[in-house]
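Q: This is the structure I want to talk about, given as structure tokens.
None of the figures in this text is laboratory data; all of them are computed from the coordinates on show. Quick caveat: nothing in here was measured; it's all calculated off a predicted structure. Note: ideal-geometry Cβ built from the backbone for every residue, glycine included; neighbour counts use all protein chains shown.
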Amino acid sequence: MSTDPMGTITGLLTETRRYPPPEDFAAQANINDPAVYERARKDPEGFWAEAAELLDWDQRWEKVLDWNPPWVKWFVGGKLNVSYNCVDRHIKTWRRNKAALVWEGEPGDERILTYQDLYREVNRAALMLKNLGVQTGDRVAIYLPMIPELPIIMLACSRIGAPHSVVFGGFSPNALADRINDCEAKVLITADGGYRRGGIVPLKENADKALEQTPSVERVVVVERVGRDKHPVQMREGRDIWWHDAMAQVSGNYCPPESLDSEHPLFILYTSGTTGKPKGVLHTTGGYLLGVALTTKWVFDLKDEDVYFCTADIGWVTGHSYILYGPLAIGATSVMYEGAPDWPDKDRFWDIVERRGVNIFYTAPTAIRSFMRWGPEYPAKHDLSSLRLLGTVGEPINPEAWVWYREHIGGGRCPVVDTWWQTETGMILITPLPGLTTLTPGSATRGFPGIEPDIVDEQGNSVPRGQGGYLVIKRPWPAMFRTLWGDPDRYVNSYFSKFGPTVYVSGDGAKQDEDGDFWIMGRLDDVLNVSGHRLGTMELESALVSHPAVAEAAVIGVSHEIKGQAIAAFVTPRAGVEPTDELARELRQHVAETIGPIARPDRIYFTAELPKTRSAKIMRRLLRDIAEGRVLGDTTTLTDPSVLEEIKQRYAASE
Ligand code: ATP
Ligand code: MG
């Protein structure tokens, strides 16, 4: 028997649909010369050094890469400032009066900040931080809803070189306290509340609870988002101050940007916690900004005249890299929406796309599967003809969902870029380039120029095409994380020890098809082992989702005396579908026919919702805990813990 992590998954994905780049798209694309891959492969450092011209440097670097495995430094000796690159330099050009951020609140209020507006706000916010005693190197924790003050304060932090740590506004007091304590933040920026599905998220109350356990925090700044009349909050004398009061105390409108070392810490961000305790991922200045700027320009083909809308929350790395830093570094217009996709109705995104003339739209597979479940009538109500490119990130996208997205959102004309990356990688690493790449639904295709992904077996040897294995990256890239905050040993042990210090181990399983395209098969922690056959979650779930009755599915392995593991599938039907025993039988048969008899699920459980992280990823480890009767592991990053209760009861009832 093979010892490869996914060794016996061979040739199971039989997707044959192919979508070459439309000619007119390719002709106008920011990158359409296929030679770019070869050039970057031959001389990666030269490639990145050339790309670094995208940024404004105060001082040029002496060395592109200093690699002392596993430790890396990029653009050694270079100096620059992130807020200068994202704001100041644009106001010296015609972009001064261009919209930088187009913000829409859930209740329908809006704020549009031009680069000039943003410049003013960021400067004053930076002065405010200084007034509060924040110095270069101090950490600032941020616990805000998706409101303009969030990008403003992040840029202000980068201006003075105070690393920020954004904690997603949906987190509980305990989750917030853990993250504040881990990075020992000196100041917390929060709000009186935020809107979500018409209700108010009590951010200040949560923060107050967290602050009982966070000795490092000296000052708390509170943005008045909801208003004292609607939602009064407690302000502690001497510690808490309203944002508008603190800003009013600022004198002057200009805070000189600190000229920072290329390796100066820019931010700490905790991973989603899908697989366990979140890790404090540290990103630095020069390499990170370059990586996100270049990928934004090439992967999203983002142009000056485009309106770009990424639906992520800035509390996740996708929001950091592809709502804020990447788009603003290249002077783009970025749309930012505060609330839920189904508020006031299930067409909110499409309403935004139509009204604002969005050209490029970036979202997650879970969101797409929700759109499928809700039905195509919601996008059909709107004119989506402004769209020219679609993107997805966060989980493997099932081919059926990919095709649905292309048809019903992209009108059959927009390329879909499936982008694989992680909090740790900082930037997109495996992705199509829409003017160059022939797309296959479900595949993230190939490494971005200069990136060297590979798939290896247990011994670290590259596996033949078609065979599964560990997805690794074999050379450093500029936007990679530099360490885990306060835990360099975990950095080395978790990511750079299995195959030696030069090989980054992503934790995901993957395989390459005959064309050399990469398929992400899911997390290695989630791989099933059925009678010695290793099965990735992605294929099993995609087989289920390819049945017209199914909107979403999560598959896990449950200990089984004979087989090692039995396959349990949790299935969410599409709108209007009745979950019956007959349907369960049909689905089991459907999977067996699609993949093979070995993959036939032993049990199907219907459920209205699946447990997801707050960053919208399916949490299979909690389903395994339920199925194997264990105490539930860390649930702090779960969207809605009541979903688990319901699944637990159903599971118990059917045993
Ligand atoms: P933790 O590491 O704490 O368990 P997490 O891995 O969910 O959390 P993120 O860094 O937000 O935190 O997510 C990165 C992961 O998301 C990847 O390792 C991969 O499993 C998944 N992912 C992201 N994009 C894609 C994609 N395009 N295709 C397949 N999987 C993807
Ligand atoms: Mg991870």
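Q: Note the full-extension length gain between R89 and D640 as 0.36 nm times their separation in residues minus their Cα-Cα distance, in nm to one decimal. Don't skip to the end; give the middle numbers.
A: Working: separation 551, 0.36 × 551 = 198.36 nm, distance 4.25 nm.
Contour length minus the Cα-Cα distance gives 194.1 nm.
Q: Please report V545, V64 as a ranked list, fewest other C-beta atoms within 10 angstrom at the top and most at the bottom. Kindly include the intermediate steps, with their values, before the conclusion.
A: Details: V545 24, V64 20.
The most exposed by this proxy come first: V64, V545.
Q: Give me the log10 of I(q) over I(0) for the stretch 72-218 at q = 0.18, 0.19, 0.20, 0.21 Å⁻¹, as the Debye formula computes it from C-alpha points; what are the numbers?
A: -1.10, -1.17, -1.23, -1.28
Q: Here's a follow-up. For a quick protection proxy, order the peptides 118-125, 16-23 by their average other-Cβ count within 10 Å, most packed first.
A: Numbers: 118-125: 23.0, 16-23: 12.2.
Listed from highest to lowest mean packing, they are 118-125, 16-23.
Q: Skipping prolines and chain starts, which residues have an amide H placed within reach, meaning under 5 Å, of the one on D58, given they are 5 or more residues away or on another chain?
A: Those qualifying (amide H under 5 Å, at least 5 residues apart or on another chain) are K79, L80, N81.
Q: Looking at the P(r) of the stretch 477-537, how many percent of alpha-carbon pairs lie beyond 17 Å?
A: Details: 1044 of 1830 pairs.
When all Cα pairs of the stretch 477-537 are counted, 57 percent exceed 17 Å.
Q: Still on this structure, I have one more. Once the principal axes of the Cα atoms of the stretch 589-651 are found, what is the range along each, listed largest first in whole angstroms?
A: Ordered largest first, the stretch 589-651 gives principal extents of 38, 25, 19 Å.
Q: Using the 10 angstrom Cβ neighbour count as an exposure proxy, how do V530, V76, V555 rank, fewest first? Mind showing how you got there, number by number?
A: Details: V530 20, V76 16, V555 29.
Least crowded to most crowded, the residues run V76, V530, V555.
Q: Let me ask you something else. Report, by chain and number, residues whose modeled amide H sits under 5 Å from the one on K279, excluding near sequence neighbours (fewer than 5 apart, same chain).
A: T271, G273
Q: Note the direction-averaged projected area, equal to a quarter of the hull surface, for the Cα convex hull of the chain, in nm².
A: On the way: hull surface 109.0 nm².
If I average the Cα hull's projected area over directions, I get 27.2 nm².
Q: In whole Å and largest first, what semi-axes does the C-alpha gyration tensor of the stretch 169-240 yield when each eigenvalue is scaled by 5 and square-rooted?
A: Details: eigenvalues 86, 41, 15 Å².
One finds semi-axes of 21, 14, 9 Å for the stretch 169-240.
Q: Can you list residues whose amide H is under 5 Å from V417's amide H, if they're 5+ apart or on another chain and H is modeled 1.01 Å from N?
A: L390, G391, T392
Q: Let me ask something additional. So for V416, V393, fewest C-beta neighbours within 10 Å to most, what's the order?
A: Working: V416 21, V393 25.
Going from sparsest to densest Cβ surroundings: V416, V393.
Q: Using a basic spin-label model with each label point 7 Å from the Cα along Cα→Cβ, how many nm lie between S385 and D24?
A: Distance between the two pseudo-spin positions: 1.1 nm.
Q: While we're on this one: Can you report the principal axis dimensions of the stretch 533-608 using only the alpha carbons, biggest first, rounded to whole angstrom?
A: Principal-axis extents of the stretch 533-608 (Cα, largest first): 37, 20, 19 Å.
Q: Same structure, new question: Using a Förster distance of 35 angstrom, determine the FRET efficiency expected from the C-beta separation of S251 and Q116, and round it to 0.05. Before the final figure, lay out each step's value.
A: Numbers: r = 20 Å, r/R0 = 0.58.
Approximately 0.95, to the nearest 0.05.
Q: Next question. So what are the ³J(HN,Hα) numbers for the stretch 335-341, from phi and the Karplus equation (6.51, -1.76, 1.60; θ = phi - 60°), rounded to whole Hz, Gly and Pro as x?
A: 3J(HN,Hα) across the stretch 335-341, in whole Hz: 8, 9, 10, 6, x, 8, x.
Q: Here is a follow-up. Does the stretch 23-102 come out rounded, prolate or oblate, given a ≥ b ≥ c as the square roots of the eigenvalues of its C-alpha gyration tensor, rounded meaning a/c under 1.5 and, failing that, prolate meaning a/b above b/c? Don't skip to the answer; put the middle values down first.
A: Values: a/c = 2.69, a/b = 1.13, b/c = 2.39.
Taking the square roots of the gyration eigenvalues as a ≥ b ≥ c, the stretch 23-102 is oblate.
Q: Further question: Straight distance only, please: which lysines reach the Cα of K92 with their own Cα at less than 19 Å, same-chain residues fewer than 8 apart left out?
A: Within reach: K303.
Q: Tell me, what HN-Hα J-couplings in whole Hz come from the Karplus equation 6.51 cos²θ - 1.76 cosθ + 1.60 at θ = phi - 60° for each residue of the stretch 206-221, using x for Gly and Pro?
A: 4, 4, 4, 5, 4, 5, 5, 10, 10, x, 6, 7, 9, 10, 10, 9
Q: Give me the distance in nm between label points sitting 7 Å out from Cα along the Cα-to-Cβ direction at S497 and H244, one decimal.
A: 5.3 nm
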